[in-house]
Amino acid sequence: MNKPAIALLGIALIAVIGIAVVLGNPENSNSVTPGQGSEIVQMEGTQNQSGPIAELPEGIREKVLDAVAEQSGEERSQFEIVAAQRRSWPDGCLGLTEPGSFCTQIVVSGWEVTVSKAKETWVYRTDRNGSQVMLDTAASSGYK
């Protein structure tokens, strides 16, 4: 065999091994299967803070309440988290891509949190640790 053929064979072998490692390790998988990361956690006011209700991390709860208070211009105490759902977002913009924005193309685990005040609702999307909190304007009746 000549040197170019050996080099090409080596590159092909490395590519096959790389694909096998990625496909064989579910931790590296970016695919989302139906139902994955879609557990609904219903919030029932501030009573009963046990079981699934307590699963929404306190830090995310605080950041979402801060965001809705800032967005609405009203006091945090006026709002109540009524639902929280674990979600897997399709990209780094949490599925809320705006024109001209750049989003990483990797699945991001996080939360969808619904906040209510009277008959108005605000739906927020977060990443896993709450460093990103974004209002889903299309799903929010309280958005002005």
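Rule-based calculations on the coordinates, nothing more; no lab input. Keep in mind that this is a model prediction, so the values were computed, not measured.
Express in nm, to one decimal, how much length is gained between residue 104 and residue 66 on full extension, taking 0.36 nm for each residue of separation and deducting their alpha carbon distance.
Stretched fully, the residue 104-residue 66 segment lengthens by 11.1 nm.
With 10 Å bins from zero, work out the P(r) of the range 85-130 over every alpha carbon pair and list the percent per bin.
The percentages, shortest bin first, are 28, 45, 23, 4.
Relative to the present Cα-Cα distance, how much length would full extension add between residue 139 and residue 91 at 0.36 nm per residue of separation?
Length difference between fully extended and current span is 15.5 nm.
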